[in-house]
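Just below is one structure, and these are the notes that go with it.
The values are calculated or read from the model by the stated rules, or taken from the named source; none is laboratory data. Here the structure is a predicted model, which means the values were calculated and not measured. Positions of Cβ are generated from backbone atoms using ideal geometry, with glycine treated the same way; all protein chains shown enter the neighbour counts.
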Amino acid sequence: MAMFFSKPLKDITYQDILDFCSKKIKENSVLDYKVNFPSKLEKVLAAFANTYGGLVIIGVGDKDGLPQDKPIGINFERGLEEKVMGIVLGNIQPPFFPEIQVCPEVDGKTFVLIQIPQSSNTPHAIENNTLVYLRTGNITSPEKVADLDELHWLSKHRESAILLRSEAINFVTDRYLSLCKHNKATVDFGELNMYIIPQYPQYLSFDMKLFKDEVVGLEVSTPDGSTFPSFNRSGIQTMQDTMYLYSNVKNELGEFTEYTAFHKTGLLLHCEDVGHAEPNNDGTVTRDIYLLSVVNAYFNLLRFYNNLRNRIGIWGDFKINIALLKMDDINTVPLNATRHYAQPYLGKQYVYDRILSSYTFNNKRTILDELVDFATDLHWSFDYPIEKSVVKQRLEEKYKSY
């Protein structure tokens with residue numbers, strides 16, 4: 001998919017494919033190499049659409065799943081894009097519309113890239129609507145015929161996935177609330193809740209107990225000099241397809257609560273309080289939220305989730321939700337500013353809800369682009385009309401070493 005490249009599919013050239021193959025990325029559940037047009041291309045394309053979507057590169061042979069050295073592509077001819085669409089429209093029911101790139105020819109040769117989206121209109125069948133295939137990620141048998149349970153899942157894919165998404169979010173959120181109640185923890189103001197989950201999730205096939213030992217190595221360094229998640233604050237706990245961290249610290253500086261949970265559906269949820277209580281000379285207390293701390297939290301979440309998805313193999317589009325709660329009579333401090341520039345927020349909450357494509361996680365640049373979009377929306381929502389170009393410049397400087 002586009003996540004394999006640092007540019008849109010339509011801009012990929014012959015040389016880009018040569019450079020890509022030199023990286024020796026192995027075939028997997030979302031990537032397939034074909035030395036030429038296979039006799040049953042529709043089976044490959046339908047299997048991708050029924051699973052997580054994927055990318056087919058025609059013109060590249062493979063050995064044990066690894067791309068050949070210096071592939072030469074296939075003969076360039078007019079109508080290659082139309083040929084792919086003819087296969088989809090003539091052999092797959094219901095059809096879908098992949099993105100197709102025929103690379104500009106070099107010495108009469110080209111590569112054909114077919115990017116298949118994760119479909120919400122499953123199942124997609126072939127052979128006169130009699131066979132439904134799924135992508136497995138197994139090199140020797142990359143596609144398999146769906147069994148009855150899988151067919152039922154596919155037929156109810158969208159509805160079942162949305163229900164599963166809600167159940168997973170509710171489950172890990174309820175756990176957070178139970179832990180707070182048990183520990184008599186309170187977040188008086190400025191509660192930040194964030195989650196990211198596949199748009200149409202299903203249970204992932206990996207061993208949660210074994211993965212618990214690996215996940216520490218996926219942490220990311222943070223702009224404040226610590227790590228995310230905060231494995232040093234508390235040990236990893238597991239419960240019903242979920243691993244989580246919870247800490248509640250009470251001292252003379254106040255109270256700090258933090259919770260991070262990862263569910264087997266691919267859900268990553270993080271909660272923390274980002275409010276700061278500042279005493280005034282007259283004995284009153286000013287309650288502030290520095291918007292940079294919220295942006296930093298999202299930056300950490302995106303990078304850690306990218307490590308998770310690459311390690312486990314979570315593909316497709318993703319739903320992201322960021323909520324700032326308990327915002328009554330709170331002062332907000334904009335990017336690269338001090339309390340002198342703070343102004344009160346008259347609302348009760350802020351919500352950022354988006355669907356992110358896999359392209360967001362392509363590289364540092366694409367992650368930063370999403371961060372700029374979020375930070376700009378955040379500031380405008382709190383009545384700081386800052387230009388997107390200014391936000392971009394400041395964040396590029398802030399995160400240049402990450």
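Values for this structure:
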| read-out | value |
| --- | --- |
| Given (1) loosely packed, with under 14 Cβ neighbours inside 10 Å; (2) in a helix (DSSP H, G or I); (3) among the basic types (K, R); (4) modelled with pLDDT of 90 or more, number of the condition K10 does not satisfy | (4) |
| Qualifying residue in region 58-78 (condition: outside the structural domain of Y203 (by TED's automatic domain parsing) and assigned to a helix (DSSP H, G or I)) | no |
| Residue among I74, I92, I126 that alone is more than 25 Å from W153 (Cα to Cα) and hydrophobic (A, V, I, L, M, F, W, C) | I74 |
| Count of residues meeting criterion [surrounded by 20 or more Cβ atoms within 10 Å (Cβ to Cβ) and under 22 Å from the mean Cα position of the chain (by Cα)] in region 375-390 | 3 |
| Top-ranked residue of region 23-42 - restricted to ones that are in contact (Cβ under 8 Å) with a residue 12 or more places away in the chain and polar (S, T, N, Q), ranked as surrounded by the most Cβ atoms within 10 Å (Cβ to Cβ) | S29 |
| Residue within region 36-51 that is at pLDDT 95 or above and either farther than 29 Å from A161 by Cα or not assigned by TED's automatic domain parsing to the domain that holds L9 (or both) present | yes |
| Close pairs (7 angstrom Cβ cut-off, 6 or more residues apart or separate chains): modelled with pLDDT under 80 in region 141-163, surrounded by fewer than 19 Cβ atoms within 10 Å (Cβ to Cβ) and not in a helix (DSSP H, G or I) anywhere | H157/S120; R158/S120 |
| Of all residues making up region 3-22, the number that are of a type in the set (K, R) and in contact with a helix residue (DSSP H, G or I) (Cβ under 9 Å, 6 or more places away or on another chain) | 1 |
| Residue ID - farthest from E105 (Cα to Cα), chosen from residues in region 28-57 that are assigned to a loop (DSSP other than H, G, I, E, B) and small (G, A, S) | S29 |
| Positions within region 217-241 being in a strand (DSSP E or B) and either surrounded by fewer than 17 Cβ atoms within 10 Å (Cβ to Cβ) or not assigned by TED's automatic domain parsing to the domain that holds P279 (or both), in sequence order | S221, T227, Q237, T238 |
